[in-house]
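Asker: Pasting in a structure now, in structure tokens, and then I'll have a few things to ask.
The values are calculated or read from the model by the stated rules, or taken from the named source; none is laboratory data. From a predicted model like this one, the values you see are computed outputs, not experimental measurements. Note that we place each Cβ from the backbone using ideal geometry, even for glycine, and neighbour counts take in every protein chain shown.
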Amino acid sequence: MAIPPDNLLLGETDSMPMPDDRVYVVTDQGPATGIGTYADSVYRLLREELPIQVMYVGCSPLGTHPGWVPLPGARMAEWPFQVVPALRHNYRRLREVVTPDAAVHFGGVWYEFLREFRRSVVTLHDYYPRRPRLVDALRPGDFLRDASSLWQYVVLPRHVRTARARIVPTRHVQKCLSEGTSLSSQVIHHWVEPYRFHPREKDAARQTLGLPREGRLVLNVSGITSNKDYATLAAVAAGLPPGYRFVKVGGGLTHVPRVLSLPRLSYETYPLVFNACDVYVHTSIEEGFGRPLLEAMSSGLPIVSARTEVSEEVLGRGALMVSPSTGSAKEWVSKVEAVAQEDVRRRVLTLSESQLVQFSPTAAHSALISTYREVYGW
């Protein structure tokens, strides 16, 4: 049986007729994660036009989040080794809650049960082999995340082949998917909400977040996975000159001096961290997209990034780049210092603002509605 509608006020628009059934955006990632924020953005982008809700099938407590519905009967995981069986249980439970003919948009990291829904859209955020490292065996949660990612990479082609539409966030992921599986896909770039991410007064943002009012702050937002290159992040944080502090959102680097850790921020305060800082550092060597890059650009925060296919596609010339294979910590720090110069900062932000036009909510809205019409037969 389908979940009953929530109390959103929904009505017809001039652009399209009201569909008969609800769109379920299914995700196994919480709203504070990168993939979870994508599911939330889809909901917020389309909620005024469609009867849409986010169905959360993850195995961590959800809490209260507008538009998100926790799966009835979901199993939680208290320890890392419980994650896989809990997720499998939750996806099986999804089959009992949402009918096979429902309009379902999968936006998580597990795709095993996608083929059981006859009208499915899937967003594939990443497609590359993220191999577990032996050093991560000392951190079971990190090791299991990478092992799960690698397993999904292996089995993904079989699971998503039946989807009526496959969405990817970048041309790089589209190319990897085509070359690795011969599966076609449609690029719909990520986007951010300008009402959330925009320039604000720096001192007020620092005061709200309890950050130092003086000095320069270098920001990184990322989870603790091997592709984020935490070794380089730690080296950059340790090598910053006097007067600089490193702000880490998402955990990690707690052992490095002069690192200010903000492991969790609320939905309301999270955008402020981009306004409170002076430069964003992106060391990730493998990424499907990297939503914080858009959040930084939209907030008027200059970026120093590893040069990868994805970062070049997303950032264009609107960032200072460092080679991930040959760039030393000293080079990273020199780029961080360079962007503090007013002429360099102004040039980077001008190019960044021009690049941001490609990632507008309007373009994403048009592309998603077009895909839904085709797949769901509206």
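Asker: Of everything in the range 313-369, what is in contact with a strand residue (DSSP E or B) (Cβ under 9 Å, 6 or more places away or on another chain), part of a helix (DSSP H, G or I), in contact (Cβ under 8 Å) with a residue 12 or more places away in the chain and farther than 16 Å from G300 by Cα? Give them in sequence order.
Answerer: The answer is W332, V333, K335, E337, A338, A367, L368.
Asker: Mind listing whichever residues of the range 240-258 are within 14 Å of G223 (Cα to Cα) and either surrounded by fewer than 19 Cβ atoms within 10 Å (Cβ to Cβ) or among the charged types (D, E, K, R) (or both)?
Answerer: Answer for the range 240-258, where residues must be within 14 Å of G223 (Cα to Cα) and either surrounded by fewer than 19 Cβ atoms within 10 Å (Cβ to Cβ) or among the charged types (D, E, K, R) (or both): K248, G251, T254.
Asker: Which of (1) in a loop (DSSP other than H, G, I, E, B); (2) modelled with pLDDT of 95 or more; (3) within 18 Å of the chain's Cα centre (by Cα) does V42 not meet, given it meets every other one?
Answerer: (1)
Asker: Any idea how many residues of the range 263-291 are closer than 20 Å to W332 by Cβ and not β-branched (V, I, T)?
Answerer: Number of matching residues: 9.
Asker: Assess whether S305 counts as being of a type in the set (G, A, S) and free of Cβ contacts under 8 Å to residues at least 24 places away in the same chain.
Answerer: It is false that S305 is of a type in the set (G, A, S) and free of Cβ contacts under 8 Å to residues at least 24 places away in the same chain.
Asker: Going through the range 277-309 one residue at a time, which ones are modelled with pLDDT under 95, closer than 18 Å to C176 by Cβ and outside any loop (DSSP other than H, G, I, E, B)?
Answerer: E309
For (1) touching an Asp or Glu at 6+ places or on another chain (Cβ under 6 Å); (2) in a helix (DSSP H, G or I); (3) modelled with pLDDT of 95 or more, each residue gets a yes or a no:
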site	(1), (2), (3)
P61	no, no, no
E78	no, no, no
F81	no, yes, no
A86	no, yes, yes
H89	no, yes, yes
V104	no, no, yes
E112	no, no, no
V121	no, no, yes
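Asker: Of all residues in the range 259-309, which are more than 14 Å from the chain's Cα centre (by Cα), surrounded by 20 or more Cβ atoms within 10 Å (Cβ to Cβ) and of a type in the set (G, A, S)?
Answerer: Hits for the range 259-309 are A276, S298, S299, S305, A306.
Asker: For the range 92-102, which positions are touching a strand residue (DSSP E or B) at 6+ places or on another chain (Cβ under 9 Å) and part of a helix (DSSP H, G or I)?
Answerer: L94, V97
Asker: Could you give every pair whose Cβ atoms fall below 9 Å, whose first residue belongs to the range 74-103 and is more than 16 Å from S60 (Cα to Cα), and whose second residue is of a type in the set (F, W, Y) and in a helix (DSSP H, G or I), counting only separations of at least 6 or pairs across chains?
Answerer: Qualifying pairs under 9 Å: A103/Y372; A103/Y376.
Asker: Still on this model: I'm checking my understanding of the structure. Among residues of the range 335-357 that are loosely packed, with under 13 Cβ neighbours inside 10 Å and of a type outside the set (V, I, T), which one is nearest to V310 (Cα to Cα)?
Answerer: Restricting to residues being loosely packed, with under 13 Cβ neighbours inside 10 Å and of a type outside the set (V, I, T), the top hit is S354.
Asker: Do we have any residue at all in the range 242-259 that's of a type in the set (S, T, N, Q), out of contact with any Phe, Trp or Tyr (no Cβ under 7 Å at 6 or more places or on another chain) and at pLDDT 95 or above? Steps first, please.
Answerer: Just the residues of the range 242-259 that are of a type in the set (S, T, N, Q), to begin with: 254.
Adding the requirement that they be out of contact with any Phe, Trp or Tyr (no Cβ under 7 Å at 6 or more places or on another chain) leaves 254.
Restricting the remaining residues to those that are at pLDDT 95 or above gives none.
No, that holds for no residue.
Asker: Would you please name the residue that is surrounded by the fewest Cβ atoms within 10 Å (Cβ to Cβ), looking only at residues in the range 152-211 that are of a type in the set (D, E) and modelled with pLDDT under 95?
Answerer: Among those that are of a type in the set (D, E) and modelled with pLDDT under 95, it is E179.
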